[in-house]
1. Only one of (1) in contact with a helix residue (DSSP H, G or I) (Cβ under 9 Å, 6 or more places away or on another chain); (2) surrounded by fewer than 21 Cβ atoms within 10 Å (Cβ to Cβ); (3) assigned by TED's automatic domain parsing to the domain that holds Ser349; (4) not β-branched (Val, Ile, Thr) fails for Asp6. Which number is that?
2. I need a count of the residues in segment 292-310 that are part of a helix (DSSP H, G or I) and touching a strand residue (DSSP E or B) at 6+ places or on another chain (Cβ under 7 Å).
3. Please enumerate the residues belonging to segment 63-86 that are under 16 Å from the mean Cα position of the chain (by Cα) and under 22 Å from Gly342 (Cβ atoms).
4. Please go through segment 195-216 and give me each residue that is over 14 Å from Thr129 (Cβ atoms), in a loop (DSSP other than H, G, I, E, B) and within 16 Å of the chain's Cα centre (by Cα), ordered by number.
5. List the number of the failed condition for Ile336; all other conditions in (1) touching a residue at least 12 places away in the same chain (Cβ under 8 Å); (2) under 22 Å from the mean Cα position of the chain (by Cα); (3) assigned to a loop (DSSP other than H, G, I, E, B) hold.
6. Filter segment 134-149 for residues that are within 19 Å of the chain's Cα centre (by Cα) and closer than 17 Å to Ser122 by Cβ and give the result.
7. Sort out for me the helices (runs of 4 or more DSSP H) sitting completely within segment 32-143 that have 3 or more residues that are among the aliphatic types (A, V, I, L, M) and closer than 22 Å to Gly350 by Cβ.
8. Which members of segment 224-264 meet the condition of being in contact with a helix residue (DSSP H, G or I) (Cβ under 9 Å, 6 or more places away or on another chain) and either over 18 Å from Asp317 (Cα atoms) or in the same structural domain as Gly92 (by TED's automatic domain parsing) (or both)?
Amino acid sequence: MGKMRDVTDIKYIVNKIARTNAEKASVEFMNRKSAEKVRGFHKSFPEYKVTPLHSLDELSKRLRVGAIWVKDESYRFGLNAFKVLGGSYAVGKYLAEQLNLDISELSFEKLRSKEVKEQLGSITFVTATDGNHGRGIAWAAEQLGQKSVVYMPKGSSEIRLNNIRNEGAEAYITDLNYDDTVRLASQKAEENGWVLVQDTAWSGYEKIPTWIMQGYGTILDEAMEQIAEAGVERPTHVFLQAGVGSFAGSMLGYLVGKYGDERPITVIVEPDKADCLYQSMLVGDGNPHAVTGDLNTVMAGLACGEPSTTSWEVLKDYAEVFVSCPDYVASRGMRILASPLGSDPQVISGESGAVGLGLVSLLAENKMLNEMKTSLRLNQDSKILIISTEGDTDPENFRKVVWDGAYPSAW
């Protein structure tokens, strides 16, 4: 095998914030009733189908773990990523409020009816995005006969920009980093009377981000059903990638609500150039802390420097471990999924979707990470869930990684 790769640049911290159950953040927003409403709304879409849960049996044997499942969100609504679940639900909830109705009374078809559109008038939704969230908002707005404006941070992919425009939105790449682009979108909403639909929460802006988090719940609601159908009660470990933390907070909130203290061990994974959650845990005062700069990482969907306040409360109280990963971890995961072993299915996973699997593979095969592996209690009985949140949403970069070996993880 040769010399082992130096992986000391993968950093982790075990959550040692001790709070009583009474002090911990509420996860009622992800309760069973909420999950049923969300799933019901998504089921009303003509495009709705349960996305695949792949069992990587051969890889599990190689990595000496009990099971590895990959939930493949590249199939979601034909948009190649999961983000549309949160964006569409938030848009639906906003429109339901304007109609003074509960969303459970409204199907997607009813919301895009001529009668409802005449009643609501013209609404413009605005957001900031690296690509996937903006495309989801653009798609939902277009489907419902409304308008959307999308701002993207500097360095964003032209392909992702064009995909958003193809869904009917006005879309622009700014010369700002992600967090400043969010501020720009918020400013434009105030100036123009638009509706900001952002998955980042801050003081005074929590309702819509919470709706977005609820919308993501369909992913785990499906996955837990699929795992149960395979004859397994639940996974022992879930690896969740994080940007501002809304996706991770949503998934963890669902798991806490469903399983309580019996929930899987949850590992939060971030790019080292945008590891605001890891750094916040490192400070250890219980507050969220931002990281600044260009946030330059191949994991574009996770290139966020400021934690969402709503999700931070959930993550700091319930996640077991936070990990800061260099880009080669995600790239390794992409290559493993694209080149499966034996009869394992191929999974086309983008940069942000593959980082959890890349980390699992290194934990299993690189002895320098044995301390972290022990902390996570990873062993031959571990049953691991990975959520591949996107496909090749930037095909050119996907080929650079998978074909040309960009960001190498060679030993």
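1. The one condition Asp6 does not meet is (3).
2. Summing the residues that are part of a helix (DSSP H, G or I) and touching a strand residue (DSSP E or B) at 6+ places or on another chain (Cβ under 7 Å) in segment 292-310 gives 3.
3. Correct list: Val70, Lys71, Asp72, Ser74.
4. Result: Ala201, single match.
5. The one condition Ile336 does not meet is (3).
6. Those that are within 19 Å of the chain's Cα centre (by Cα) and closer than 17 Å to Ser122 by Cβ: Ile137, Ala138, Ala140.
7. So the answer is 132-143.
8. Those that are in contact with a helix residue (DSSP H, G or I) (Cβ under 9 Å, 6 or more places away or on another chain) and either over 18 Å from Asp317 (Cα atoms) or in the same structural domain as Gly92 (by TED's automatic domain parsing) (or both): Met224, Glu233, Arg234, Pro235.
The values are calculated or read from the model by the stated rules, or taken from the named source; none is laboratory data. Predicted model, so just to flag it, every value in this text is computed and none were measured. Don't worry about glycine lacking a Cβ; one is built from the backbone with ideal geometry, like all the others, and counts go over all protein chains shown.
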